[in-house]
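Visitor: So that we are looking at the same thing, I have put the structure below in structure tokens.
The values are calculated or read from the model by the stated rules, or taken from the named source; none is laboratory data. Keep in mind that this is a model prediction, so the values were computed, not measured. Quick reminder, even Gly has a Cβ in these numbers, built from the backbone with ideal geometry, and neighbours come from all protein chains shown.
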């Protein structure tokens, strides 16, 4: 179930759903998604579905990972410093790490962060910095960021994250409660532009930390 042919079936599904950025596709094809879930779920790793990773969190559906990454990079945007809010399993982190110069990722649940760090080590990922903290606060002393990817849904866009976005930078973020929508927010010289992407379903963005 972890063969190249199995991965290629997943990649074909991404193409069929409209993902067309070849850099994103090639990056996701190269990543062994099965190492981001418990062994008991590894046979489902290349399905286009979200999977549980414990602590009421999920490994995002591959299509959503691809969609958010493609939206970040669309139009030739080449962010060098990207903040990820919600490390989770580390899968989205590794996708970003393969496409940008530096990823700063924050996670509020320490056991999840510890597992993600080990996966980064196994994969030889060296352009990721991790922080255990409340994701809604971002990582102020490392900003401003050319890109921000938020992998959990706040009710409203946190002002603290908007302030850490560089002029010309983009934030990809799901927003809402019962109904959630994915947006791309671009910071301009005079404010912020918001583009609606599509309806989504994410775990909520919660405050505080878990040790």
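Visitor: Of the residues 55, 77, which single one is surrounded by fewer than 19 Cβ atoms within 10 Å (Cβ to Cβ) and on the phi > 0 side of the Ramachandran plot?
Guide: On the way: 77 fails: on the phi > 0 side of the Ramachandran plot.
From the options 55, 77, the qualifying one is 55.
Visitor: Where in the stretch 1-83 are the helices (runs of 4 or more DSSP H), entirely inside, with at least 2 residues that are more than 16 Å from residue 94 (Cβ to Cβ), touching a residue at least 24 places away in the same chain (Cβ under 8 Å) and out of contact with any helix residue (DSSP H, G or I) (no Cβ under 6 Å at 6 or more places or on another chain)? Don't jump to the end; show me each part of the working.
Guide: Values: elements: 4-16, 22-30, 62-73.
Filter on the stretch 1-83 gives 4-16, 62-73.
Visitor: Shifting gears a bit: In the stretch 188-200, is there at least one residue being in a strand (DSSP E or B) and under 13 Å from residue 85 (Cβ atoms)?
Guide: No, the stretch 188-200 contains no residue that is in a strand (DSSP E or B) and under 13 Å from residue 85 (Cβ atoms).
Visitor: Let me ask something additional. Can you find even one residue in the stretch 121-128 that is surrounded by fewer than 16 Cβ atoms within 10 Å (Cβ to Cβ) and touching a strand residue (DSSP E or B) at 6+ places or on another chain (Cβ under 9 Å)?
Guide: yes
Visitor: Of the residues that make up the stretch 150-159, is at least one touching a strand residue (DSSP E or B) at 6+ places or on another chain (Cβ under 9 Å), modelled with pLDDT of 95 or more and more than 22 Å from residue 201 (Cα to Cα)?
Guide: No, the conditions are met nowhere in the stretch 150-159.
Visitor: Another question, if that's okay. Does residue 136 fit the bill of being more than 16 Å from the chain's Cα centre (by Cα) and either modelled with pLDDT under 95 or over 22 Å from residue 61 (Cα atoms) (or both)?
Guide: Spelling it out, it is not the case that residue 136 is more than 16 Å from the chain's Cα centre (by Cα) and either modelled with pLDDT under 95 or over 22 Å from residue 61 (Cα atoms) (or both).
Visitor: Could you list, in sequence order, all residues of the stretch 147-168 that are part of a strand (DSSP E or B) and surrounded by 23 or more Cβ atoms within 10 Å (Cβ to Cβ)?
Guide: Within the stretch 147-168, 147, 148, 149, 150 meet the criteria.
Visitor: I'd like the full set of residues that are assigned to a loop (DSSP other than H, G, I, E, B) and surrounded by fewer than 24 Cβ atoms within 10 Å (Cβ to Cβ), limited to the stretch 90-101.
Guide: 98, 99, 100, 101, listed by residue number.
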